[in-house]
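Please read the structure below before turning to the comments.
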Amino acid sequence: MDEELPKGLLYNDNHSWVKVNGDVVEVGITKPFANSVKEFVYIELPEQGKEIKKGETYVSMESVKWSGHLESPVSGEIVEVNNALFDEPSLLNQDPYKHWIMRVKLLDKDELNGLMDADQALANLSCKLG
Amino acid sequence: MSMVSKGLTLSIMVLLLAAVLTPITFALDQEQPEVVLRLFWGKGCPHCAKEKEFLKHLEESDKYPGLRIIEHEVYHNESNQELFKLLADAYGKRVEGVPTTFIGDSVIVGYGDYMNTGKKIESKIEECIHQGGCKDPLERIQQGETPQTNQSSNNGGVVTLPIIGTLDTTKVSLPAFTIIIAALDSFNPCAFFVLLFLLSMLIHARSRGRMLIIGGTYVFFSGLIYFVFMAAWLNIFILAGNLKIITLLAGAIAVFIALINIKEFFFFKKGISLTIPESAKPKLFKRMREMLKASSLASMLVATVVLAVSANVYELLCTAGFPMVFTRILTLHQLSKLGYYLYLVLYNVIYVIPLFIIVLLFTLTLGAKKLTKEQGEALKLVSGLMMLGLGALLLLKPEALNNVFVAIILLGSAVLVSALLILAKRIISRKVKKNG
């Protein structure tokens, strides 16, 4: 597996990463996933101000090769969404770690303990694809 | 696949252009075999007058250049009366009344109207042409031939149904068939694909008015393009005539398309797929987003029309089956030019109704909905099974499609088999997941 996952981020097993900034986290998608589904053409962003639970759908997307939704790695209040992605979904392909999808104010910080670090996530990914 | 789909799209566009530019009044230039029809009529008989007018119109239209009509007045002409009896005896018929028409092996007694008897006479003429011509009935008898009589009356396929009562199936079959096929065609994942995304993007703008106008415009032009596409097929089939080979070809293509659609249910997007090409998706979505950024409603409408044209050209790849099958079956009925086009209008009105309903629902609820992969697969399965049935009938017994009940049974069977397959697939998936 050539793809590396950035250290310093946390990951779930549904192609999403989490960057912790105190009580507020940024959530986005991983590069291996973006590369596998090719160019994103449409994104249905989450609603700002809405409460979201871990495991619930937070984003629906359509790409050239894929159509579906992703599950939230955390629970909390969506305080900000990246509206630029609606106009240019392919930004996610260009730099998925720079272009977060939503910012969430955490309900329970302990939830982060259930997420994987880069090495664990990579091993998880390799196992699934290998 | 990208090169293949580009090639297909280009071929369809060339086909469209060529066939739509071909005038429908173009008369078949090829030599037609001779078909002789003898009509026995009476002066003062109103039904006779109607048939004579119909036959005169047929001669003047030059639709059948090989047709020769010989008329005999029997009320005031004894030798014609004897001739009438001679022919009637040879055809195994009693002399019942006038008008009586002898053509090929058929005797048609009476004349009601064009939709009943006129159509029947035309179909007999067509039958004769396919057989290489029909000799003069009198000549045949004089040469010692015995006609294989096929008694026809001027009543259509009248049936008696419970509750409904008497029903003339020749009058309802084609309209009902049109509605059934168009309705099924309208539930097409390809037709929904762009519209659903367009409306989802419009929800972002949170304007019901705009959603209604843009969505309505898109649906209207989608229907118009579909109509033009079907008109192209209509022109092609009319030019080709009622040659059996054309019907067989249409049936074979329908079966092929049907099998691809059915395959999608089991092996989604593996191998040949009749879907909007992947390479087209980024361009389509880019057009949608640019349309939303338009500065005025007018420019947004123009952009919507452009989007409708480009999206529907791509969608033609996966919606080709039903329009082709329907227009072929339509041309097997003897209708006027206006009649053919009116049926196409009916088809397309039914086709766009579900799309308009989607626009209304989105507008009222301002809620985004997407067609899931499973729903798309199910729709492809139902339409694939229905198309398989239609294609098979075109190959084996096209005349069965004149009966609306055949279409109803086909549809019912397609839905039932689909439901069973979907259920089986779900059960198997659950078991596979459970066993890990």
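Key figures for this structure:
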| quantity | calculated |
| --- | --- |
| Extension gain from B:Q81 to B:A252, taking 0.36 nm per residue of separation minus the Cα-Cα distance | 56.5 nm |
| Net length gained if the chain between B:E53 and B:I357 were fully extended (0.36 nm per residue, minus Cα distance) | 104.8 nm |
| Inter-centroid distance (Cα atoms) of the stretch B:274-335 relative to the stretch B:400-436, Å | 29 Å |
| Low-density loop positions, trypsin sites (Lys or Arg not before Pro), the stretch B:38-103 - DSSP coil, at most 14 other Cβ in 10 Å | B:K43, B:R94 |
| Within-11-Å neighbourhood charge of B:S273 [Cβ basis; K, R +1; D, E -1] | +2 |
| FRET efficiency, 1/(1 + (r/R0)^6) with R0 51 Å, evaluated for B:L259 and A:E77 via beta carbons | 0.50 |
| Peptide A:84-91 - average C-beta neighbours from other chains (10 Å radius) | 2 |
| Residue-averaged beta-carbon neighbours from other chains (10 angstrom radius) around B:372-378 | 1 |
| A:S72, B:S296 arranged by Cβ crowding within 10 Å, fewest neighbours leading | B:S296, A:S72 |
| In nm, spacing of pseudo-spin labels at B:L366 and B:K93 (7 Å Cα→C-beta vector) | 7.1 nm |
| Span-like helix ranges in chain B, DSSP H, alpha carbon extent 27 angstrom or more, Kyte mean at least 1.0 | B:2-21, B:208-240, B:244-266, B:337-365, B:373-396, B:404-435 |
| The stretch A:21-67: chymotrypsin sites (Phe, Trp or Tyr not before Pro) falling in loop per DSSP and having at most 14 other Cβ within 10 Å | A:W66 |
| B:I245-B:E60 FRET efficiency (beta carbon distance; Förster radius 45 Å; 0.05 resolution) | 0.90 |
| Local net charge near B:E290, Cβ-Cβ under 13 Å (Lys/Arg +1, Asp/Glu -1) | +3 |
| Extension gain from B:A424 to B:S296, taking 0.36 nm per residue of separation minus the Cα-Cα distance | 41.0 nm |
| Where GluC sites (Glu not before Pro) in DSSP loops with at most 14 other Cβ within 10 Å are excluded, longest remaining stretch of chain B | B:146-436 |
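Laboratory data are not the source of any read-out in this text; all were calculated from the coordinates shown. Only a predicted model underlies this, so the values are computations on that prediction, with no experimental measurement involved. We place every Cβ from the backbone using ideal geometry, glycine too, and count neighbours over all the protein chains shown.
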